[in-house]
Amino acid sequence: MSSPSAPEGDPGPSGDAGESGEPGAPDRPLAIVAGHGAFAEGLISAAAQIGGRGGIFVGMSNTGLGASEIADAMRDLVDRTGASVIFTDLPAGSCTIAARRLVRERPALTLITGANLATLLDYTFHAHLSPAAAARHAAEKGRDSLLLFGGEGGGAD
Amino acid sequence: MPIELYRIDDRLIHGQVVVGWGQPLDIGFIVLVDDEVAGSDWEQELYRMGVPPGMDVFFATVEAAAREHGRYAADPRPGIVLTGDIETMTRLAERVPGIRSVNLGGIHHRPGRTQRLRFVFLTADEEQALRALARRGIVVTAQDVPAARPLSLDDTLDGKVGA
């Protein structure tokens, strides 16, 4: 059974800001990334590779966990890290359901669903803003990053 | 059209149900049978958010689901009846003789439960409840997603962990 924790390879709550981290940048987790399988691990790893600031994220997977365990694990992660933003994968997913329960308990938390790499990278570079403002900015960036090219002649339904 | 799937899943409405099963079965509606959710507008809004446009979700207590089961079964659209635990499905099956099969989709770790499969953990009482369902002639299989091979109750209780 997998348990919620910093994904392998991620520096986790005590990780540094990375080689290219901005001077004075926060070096503690500011946001949780939660999703199916290795979603969080992969996304955080990719964000760290590009932005060098993977340490501001801490990940968790829902693998092997029931609904109440996911909510408990997420609550524990928020308590342990002080994170104020939660990124999840599917808007209909169990991590999102758990996060919505948590946001109801703690309205100061911000939840962004449907997170992608562009979302996390934008958050990385706007982490100096208030958590809610950075999250809003990141959500817009993530939405704008979904583009479609080509497809002509590929057959229509 | 008969109900396509009677599923026990402690995550209730989530990705595996809506996408994993919902798309290949072309599910038109989900009946979420849970006494607590049926009594909470907030819980219902939470789960309704997870259902795509065009897919209906009905919230029902066990009693109401049993009462309305004929209507669900007569719906021309394929549907899923979903409970969050074995006890709720057992209560429903006691009231609805037409239930012929039950899918174990996700019963996760909790103190007192023993792992049987990657996604099935059971207490001794829950194991007995599943055996009782089988004795009623209900085919109980474990299968988290359609692409996985369904495992019989015997194989599940034998604990083919990793399946």
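What follows is calculated from the coordinates using simple rules that are stated; it is not laboratory data. Everything quoted here is computed from the prediction, not taken from an experiment. As a convention, Cβ positions derive from the backbone with ideal geometry for all residues, glycine included, and neighbour counts pool all protein chains shown.
Here B:HIS109 fulfils each of the conditions (1) under 24 Å from A:LEU65 (Cα atoms); (2) in contact (Cβ under 8 Å) with a residue 24 or more places away in the chain; (3) within 14 Å of another protein chain (Cβ to nearest Cβ); (4) surrounded by fewer than 21 Cβ atoms within 10 Å (Cβ to Cβ) apart from (2).
If you take the residues in segment A:83-101 that are among the hydroxyl-bearing types (Ser, Thr, Tyr) and crowded, with 24+ Cβ neighbours inside 10 Å, which one is nearest to the other protein chains (Cβ to nearest Cβ)? Among them, the one singled out is A:SER94. Residue count for segment B:9-35 satisfying the condition of being acidic (Asp, Glu) and within 12 Å of another protein chain (Cβ to nearest Cβ): 3. All of B:PRO53, B:PRO2 fail the test of being closer than 23 Å to B:VAL139 by Cβ and surrounded by fewer than 15 Cβ atoms within 10 Å (Cβ to Cβ), apart from B:PRO2. Taking segment A:91-119 as the range and being over 25 Å from A:GLY64 (Cα atoms) and either aromatic (Phe, Trp, Tyr) or assigned to a helix (DSSP H, G or I) (or both) as the test, the residues that pass are A:ALA118, A:THR119.
Suppose the filter is assigned to a loop (DSSP other than H, G, I, E, B), within 14 Å of another protein chain (Cβ to nearest Cβ), among the polar types (S, T, N, Q) and under 18 Å from A:LEU43 (Cβ atoms); does A:THR63 pass it? Here the answer is yes, as A:THR63 does meet what is asked. If you check A:HIS137 against the conditions, is it more than 23 Å from B:ARG48 (Cα to Cα) and outside any helix (DSSP H, G or I)? Taking the combined requirement at face value, the residue does not satisfy it. Please work out which residue is farthest from A:GLY66 (Cα to Cα), limiting yourself to segment B:81-95 and to residues that are away from chain A (no Cβ under 14 Å) and either free of Cβ contacts under 8 Å to residues at least 12 places away in the same chain or crowded, with 20+ Cβ neighbours inside 10 Å (or both). So, considering only residues that are away from chain A (no Cβ under 14 Å) and either free of Cβ contacts under 8 Å to residues at least 12 places away in the same chain or crowded, with 20+ Cβ neighbours inside 10 Å (or both), the one farthest from A:GLY66 (Cα to Cα) is B:GLU94.
Within segment B:13-28, being crowded, with 17+ Cβ neighbours inside 10 Å and not β-branched (Val, Ile, Thr) holds for B:HIS14, B:GLY15, B:GLN16, B:GLY20, B:TRP21, B:GLY22, B:GLY28.
When segment B:119-137 is filtered for residues that are assigned to a loop (DSSP other than H, G, I, E, B) and buried (at least 19 other Cβ atoms within 10 Å of the Cβ), only B:PHE119 remains. Applying the set (1) surrounded by fewer than 21 Cβ atoms within 10 Å (Cβ to Cβ); (2) within 14 Å of another protein chain (Cβ to nearest Cβ); (3) aromatic (Phe, Trp, Tyr) to B:PHE58 leaves exactly one unmet item: (2).
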